[in-house]
1. For region 80-102, which positions are open to solvent by 30 Å² or more (accessible area, probe 1.4 Å), in contact (Cβ under 8 Å) with a residue 24 or more places away in the chain and in a helix (DSSP H, G or I)?
2. Do you know which of the residues in region 113-124 that are farther than 14 Å from residue 153 by Cβ and under 32 Å from the mean Cα position of the chain (by Cα) is least open to solvent (accessible area, probe 1.4 Å)?
3. Which ones in region 296-315 are open to solvent by 20 Å² or more (accessible area, probe 1.4 Å), outside any strand (DSSP E or B) and either closer than 20 Å to residue 241 by Cβ or at pLDDT below 90 (or both)?
4. Tell me, which residue of region 125-150 that is open to solvent by 40 Å² or more (accessible area, probe 1.4 Å), in contact with a Ser or Thr (Cβ under 8 Å, 6 or more places away or on another chain) and not charged (D, E, K, R) is farthest from residue 92 (Cα to Cα)?
5. Return yes or no: is residue 49 closer than 22 Å to residue 243 by Cβ and not in a strand (DSSP E or B)?
6. Going by the conditions given, is residue 44 in contact with a strand residue (DSSP E or B) (Cβ under 9 Å, 6 or more places away or on another chain), open to solvent by less than 40 Å² (accessible area, probe 1.4 Å) and assigned to a helix (DSSP H, G or I)?
7. Of the conditions (1) part of a loop (DSSP other than H, G, I, E, B); (2) loosely packed, with under 15 Cβ neighbours inside 10 Å; (3) over 19 Å from the mean Cα position of the chain (by Cα), residue 56 clears all except one; give me its number.
8. With under 24 Å from residue 44 (Cβ atoms), in a strand (DSSP E or B) and not small (Gly, Ala, Ser) as the only criterion, which of 241, 266, 255 stands out?
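The values are calculated or read from the model by the stated rules, or taken from the named source; none is laboratory data. Please read all numbers here as calculations on a predicted model, not as lab measurements. Counting neighbours? That spans all protein chains shown, and the Cβs are built from the backbone with ideal geometry, glycine included. To get the accessible areas, we keep the full protein, side chains included, count just its heavy atoms, and leave off ligands, DNA and RNA. Shrake-Rupley method; radii C 1.70, N 1.55, O 1.52, S 1.80 Å.
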Amino acid sequence: MPALVVDRLTVSYRSGDYEVRPLDGFSMQAQDGELVLLLGPSGCGKTTLLSCLSGILHPEAGSIRAAGTEVTLLEPAQLTAYRRKTVGVVFQAFNLVPSLTALENVAAPLWGAGVRRSEALDRAAALLDKVSMGDRAGHRPGDLSGGQQQRVAIARALAHDPPLLLADEPTAHLDYLQVEGVLALLRSLACRGRVVVVATHDDRMLPLADRVVDLTDRAGATSLDPVLQLKSGQELFRQGERGDRVYVVEAGEIELVRVKADGNEEALHVATRGEYFGELAPLLGFPRSATARARKKSRVRSYDVAEFRALVGSDGVAKLLGRSRR
């Protein structure tokens, strides 16, 4: 049985008058001992997924099972115990307490759980040795490099020896000299009894991973045929989906609408013969910000990013981004 199972997870939130769904029916799984990479650009749902896995964010639909625990069914008191014992989180900005030493930062979660001071300090010292920071135990965060702070943050996340370790963009604030050691450390922590899940856009981690989950691989491409025939009312893509194609209307009309948080639709534009639409999502890696559907029987031609750039040229791309229909 997989050590981690995410099944049809859906998360939505309001952005002004609109509803945004960073995760919409998302599923994945991981086996014990695996290092899992969550890949994708900003806004694709990586941090949202980590927040759900850590029990900080409750999804509106779907389920999560981690280390035998059905996370989405836990009551508040049970969630507190889950976050303390089952999951460790390594934050992008380290989140170390500036006034505490490295040793004290690692010991803090243990003190919070009622572990005796001396026992907590012994455990913290052993964890700092594990991440090659034993000789910096007495230093405060301000006296440590970014890579050293990240190692301390990893040691703190391991305080309760959790079976699930989550890291959010762990190399984001590190220079290239510091990255190698942190990557190797994360790889070593994925072992029997623990799953490590890392959200990143850093493709240097790819060779180290046991499993890669690309959050940009969700829905968005309707067909491999570049010419699509659409019936009246047929959707081409939906708001919130990932998209890797740009479209031009060859015949008919395509309406672009945005679904508001109250469920009503806002009409944005009607694309007619010769008009482009849907370019921002594939060009910049954003989710679709609107739904596209045929107002009547229509025909559209799709282009991948390279084809689209060749079609309109770099100047044309810049102009189109200024009036994008996504």
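1. Initial filter on region 80-102 (open to solvent by 30 Å² or more (accessible area, probe 1.4 Å)): 80-81, 83-85, 89, 91-93, 95, 97-100.
When the remaining residues are screened for being in contact (Cβ under 8 Å) with a residue 24 or more places away in the chain, the result is 83-85, 89, 91-93, 95, 97-100.
Once the filter is applied, which keeps residues that are open to solvent by 30 Å² or more (accessible area, probe 1.4 Å), in contact (Cβ under 8 Å) with a residue 24 or more places away in the chain and in a helix (DSSP H, G or I), region 80-102 yields 83, 84, 85.
2. Within region 113-124, the subset farther than 14 Å from residue 153 by Cβ is 113-123.
Pick out the ones that are also under 32 Å from the mean Cα position of the chain (by Cα) and you get 113, 123.
On the way: 113: 35, 123: 85 Å².
Per the stated criteria, the residue is 113.
3. Taking region 296-315 and keeping what is open to solvent by 20 Å² or more (accessible area, probe 1.4 Å), we get 296-297, 299, 301, 303-307, 309-315.
Next, from what is left, pick out any that are outside any strand (DSSP E or B): 296-297, 304-307, 309-315.
304, 305, 306, 307, 309, 310, 311, 312, 313, 314, 315 - these are the residues of region 296-315 that are open to solvent by 20 Å² or more (accessible area, probe 1.4 Å), outside any strand (DSSP E or B) and either closer than 20 Å to residue 241 by Cβ or at pLDDT below 90 (or both).
4. Once the filter is applied, the top-ranked residue is 138.
5. Details: closer than 22 Å to residue 243 by Cβ: yes; not in a strand (DSSP E or B): yes.
Taking the combined requirement at face value, the residue satisfies it.
6. Spelling it out, it is not the case that residue 44 is in contact with a strand residue (DSSP E or B) (Cβ under 9 Å, 6 or more places away or on another chain), open to solvent by less than 40 Å² (accessible area, probe 1.4 Å) and assigned to a helix (DSSP H, G or I).
7. (3)
8. 266
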